[in-house]
Every structure is written in C-alpha cells, then in structure tokens.
Amino acid sequence: MRRKAGIPCALRRVRWRSQTSKKAEAAAAMAKLFESIGKLGLALAIGGGVVNSALFNVDAGHRAVIFDRFRGVQDEVVGEGTHFLIPWVQKPVVFDCRSRPRNVPVITGSKDLQNVNITLRILFRPVTNQLPRIFTSIGEDYDERVLPSITTEVLKAVVARFDAGELITQRELVSRQVSEDLTERASTFGLILDDVSLTHLTFGKEFTEAVEMKQVAQQEAERARFVVEKAEQQKQAAIISAEGDSQAALLIANSLMEAGDGLVELRKLEAAEDIAFQLSRSRNVTYLPSGQGTLLQLPQ
C-alpha cells in the first residue's frame, strides 16, 4: 500500500519538475529575445546617429563652406539642399547670401570744417564663389569687421570734398559719389552692395543756429525791401496821378479858351442828362407836367 501511495507523489514531482523546466526555458527564450531586440535597437540608434551626423541641410538663400580637419577649408561652395560629409572630420559653415540691411552712423567734417552727422543704410551680401576666402581671411562675422571701417573711410573722404551748403543742395551727387566709392571698396573684400543711401544728415548745434539766424535776417531784409518797393510804387502812382490831373486841367483851359462858354453849356447838359437818368430809376420821384401843380394843391 505504501508503494502504491508513493507512485502518484513521484508522478507529481516529475510533472512539477517538467513544468518548472519548461517555464525556465520560456523565460530564457524571452530573455534572449529581449536581449536581441536591445542589441538591434542599440545598433539602429548608433547607425541613425552616424547617418544623422553625416548629413547636413543648406536652406534657401544660403551657402555652405566645408572645413576639413586634415585639409582645411575646401574651395568648393555647397549649394542648397541636403548633403553628405565625413562625421567628426568635416564641419559645414553656413553663410546667409541674401541681401541684408545695415545702418552705419558716422560723424565727420565738411570742407568748411562743420561737424556732420550722417547715417548710411547699406544692403549687402557676399559674393558666393568667394565665401571660402571670406571665411579664411575675415571670418563668419565679416559684416561686423568690414562694413563699419570702410563706410567711415569712404564717407569721410567724400564729405570732405563738399561744404555744408553743398551737402544739402547737392545731396543726390554726394549719395551717388558715396555709393560708387563704397561699392568699389567693398568689392575688394568679396562683398556686393545692392543699395547705398543717405538716410540721415544733420549738422552741429552752432551751424544749425547760424543757419536759423541767417534765415531770419534774410526774411527781415525781404520784408524791408518789400516796404521800400511799396513806398516807391505809391510815390510813383502819386506822381502819375498829379501829372494826369495837370494835363487834364491844361486841356480844359485850352478848350475854354477856344470854345468859350459852349464847352461849359455842353458839360451842364451832360450832367443834367446823367442826373435825370439816375432819378428816373428811383421809385420815390414823380414827374409832373408843367403847369399841373393845382392837382396837388400847390401854390401857383
């Protein structure tokens, strides 16, 4: 009986051991699967990082220069789009090749030694095929290093050719001369100037006050000249009127000497005719025939 009772226990133990071994094998298989997935993910991450580091983008309106750790700056300029490079060996340096504005204020002196404050507005961009030279000799901040110095130099040279009055009256000529000289000067550094214009032009306080005083004096002189001319014209008009009256009196005297009382009678008739015409237009005047005063009970 003991043997028969021990057989089922042994069977249970065998089954339990079999199930335990199967679970262990399944767990080992899952562990291997997760390990394989982890290795694959790590490999994909490393591969993606390598591929990502080997690609770079150049946006619209930009250009890139490649710096190689072994060969230095390459002469080829990379255009827009996605490009390959050697990771950790090559590095792209991207430049903006679109026109950009910059205001450069300068204080200089005119030909007549007047202080002039000028602000110059410049639209500039680099020459594309000269980007490697610009990067090598000047750097990425080429606009900060080049434009203020050459603008100050050219403005001082041009403004010194004109006096203060000519800077105002010949501003277009001054602007054109500055544009031509500055464009030529910037081309030596590989820069293109699309537009150069004078946006601000003022003088020192002393010169401004002197100009205002001069304008006031000119206005007063013009006013005095107008008063003199008006008095002169009034005098001339009085002389002409007196001469006319004198000639009229002389003509009347000559007519009286020639025609006698006939001229006087003619003038009386003309005056009576004019008076009668004026009275005929008035509503308060009534005409009565001669000898009809009895109708109004008037004394005869």
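The values are calculated or read from the model by the stated rules, or taken from the named source; none is laboratory data. Only a predicted model underlies this, so the values are computations on that prediction, with no experimental measurement involved. All Cβ positions, even for glycine, are placed from backbone atoms using ideal geometry, and neighbour counts span all protein chains on display. Calculation scope for accessible area: heavy atoms of the full protein, side chains included, ligands and nucleic acids excluded. Shrake-Rupley method; radii C 1.70, N 1.55, O 1.52, S 1.80 Å.
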Ranked by accessible surface with a 1.4 Å probe, highest first, in what order do Phe162, Phe135, Phe84, Phe67 come? Phe84, Phe67, Phe135, Phe162
Tell me, what ³J(HN,Hα) does each residue in the range 159-174 have, in order and in whole Hz, if you take phi through Karplus 6.51 cos²θ - 1.76 cosθ + 1.60 with θ = phi - 60° and put x for Gly and Pro? 5, 5, 7, 10, 8, 4, x, 5, 5, 8, 6, 10, 4, 4, 5, 4
How many Å² of accessible area per residue for the range 99-203, probe 1.4 Å? 51 Å²
Amide H neighbours of Val73 under 5 Å, counting only residues 5+ apart in sequence or on other chains, H built in-plane at 1.01 Å? Asp68
Quote the charge dipole size of the range 99-203 about the Cα centre in Debye, to the nearest 20; the model charges only the Cβ of Lys and Arg (+1) and of Asp and Glu (-1). 80 debye
Between Lys268 and Ala253, what is the label-to-label distance in nm when each label sits 7 Å out along the Cα-to-Cβ direction? 2.4 nm
So for R0 = 22 Å, FRET eff. of Thr119-Thr188 from the Cβ-Cβ r, to 0.05, ends up at 0.40
From a point 7 Å beyond the Cα of Gln130 in the direction of its Cβ, which residues of the range 74-98 have a backbone N at a distance under 16 Å? 77, 96-98
Distance in nm between label sites at Gln170 and Leu40, each 7 Å beyond Cα in the beta-carbon direction? 8.3 nm
I'd like to know how the range 99-203 sits against the 2.2 N^0.38 Å rule of thumb: what's its Cα Rg over that expected value? 1.11
Theoretical gain in end-to-end length, Glu140 to Glu229 [0.36 nm per residue, Cα-Cα removed]: 25.1 nm
Which length gain, in nm to one decimal place, applies between Val93 and Leu201 when the Cα-Cα distance is subtracted from 0.36 nm times their residue separation? 35.0 nm
What's the FRET efficiency of His83 with Ala29 using the Cβ-Cβ distance as r and R₀ = 35 Å, to the nearest 0.05? 0.15
Between Ile107 and Ala221, what is the label-point separation in nm under the 7 Å Cα-to-beta-carbon projection? 3.3 nm
